[in-house]
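Asks: The structure follows.
Just so it is clear, none of the values below were taken in a lab; they were calculated from the coordinates. Here the structure is a predicted model, which is why all the values come from computation and not from measurement. Virtual Cβ from ideal backbone geometry, glycine too; neighbours counted across all protein chains shown.
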Amino acid sequence: MGTVINIRSGGSTPVSGVVRALLLFGLVLGLGRFVEPIPLAALAGVLIKVGWDIIDWRMLVRVHRLRREHLVVLMVTLFLTVFVDLITAVAIGLIAGGMVHARGLEKLELDSVVSVPLLDTKLLEEDEMSNQDNPLSARAGMVALRGMLSVAASHKLVSVIGQDIIEHEVVIFDFSDTVYIDDSAAVVIGQLLEVAANSNTECIVTGLSNDVASILNSLDILEGIPSDRIVGTIKDARKVARGILEFS
């Protein structure tokens, strides 16, 4: 509320916030006796007016249209504010809101992870395909990790992508469009590489930026990948995959 009063009183620079903080600090240290004569009824009136002003009426008339999880966070925070205290309500509201946000972020990040098979007919040369009985055979696959990967989606990556990895002899991990990964996502990528190792699936890594490579190397995620399997472009990765399949 103090911030709202500050803004509505004309404060528009950081100096106004500093002045308000200094005044509050002075009241705590001993200047409180100068404001003690102010009637509580007057302070209550000020609080009611400020509380009225900070209500978002445009959102309030649409509250029945909110997504269910957002409405639950709103009602829990309101209930705790009225029947417990403001600090508890704000703390639990922030935690609940963060969980709702993480759930939405998880769906967004998982949608950005693509796992596709690479047909042998596209990967191998014509003479190398002469002995292949099934023209739809796809012994190689590619996992493209795009955008950002964080703890929100990391715990589901193994269950979602792991089965695809097991079904191939070679898997290309494409980081060309990866903007950022956090430590939790990096550890899960290590788990995916372990799934591949346990199923005798060869792994090729391509498109690592300096930032992504730094995070993976700091956690020794790529220590089990031979240096010749870490390449710069998807074209080079396909060439390495072709060489592996030729001798399989």
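Asks: Using only C-alpha atoms and all pairs of different ones, pull out the Kirkwood radius for the stretch 1-55 in Å with one decimal.
Replies: 12.5
Asks: Work out the charge dipole of the stretch 198-248 with +1 on the Cβ of Lys and Arg and -1 on the Cβ of Asp and Glu about the Cα centre, then indicate which of GLY243, ILE225, ILE204 is farthest towards its positive end.
Replies: GLY243
Asks: Separation between the LEU71 and ILE38 pseudo-spin-labels, each 7 Å from Cα along Cα→Cβ, expressed in nm?
Replies: Between LEU71 and ILE38, the label points sit 4.0 nm apart.
Asks: Explain nothing, just the number: dipole magnitude of the stretch 19-120 about its Cα centre with +1 on each Lys and Arg Cβ and -1 on each Asp and Glu Cβ, in debye rounded to the nearest 20.
Replies: 440
Asks: Just subtract the alpha-carbon distance of PHE247 and GLU223 from 0.36 nm times their residue separation and send over the number in nm, one decimal.
Replies: Taking 0.36 nm per residue and subtracting the Cα distance, the gain is 6.3 nm.
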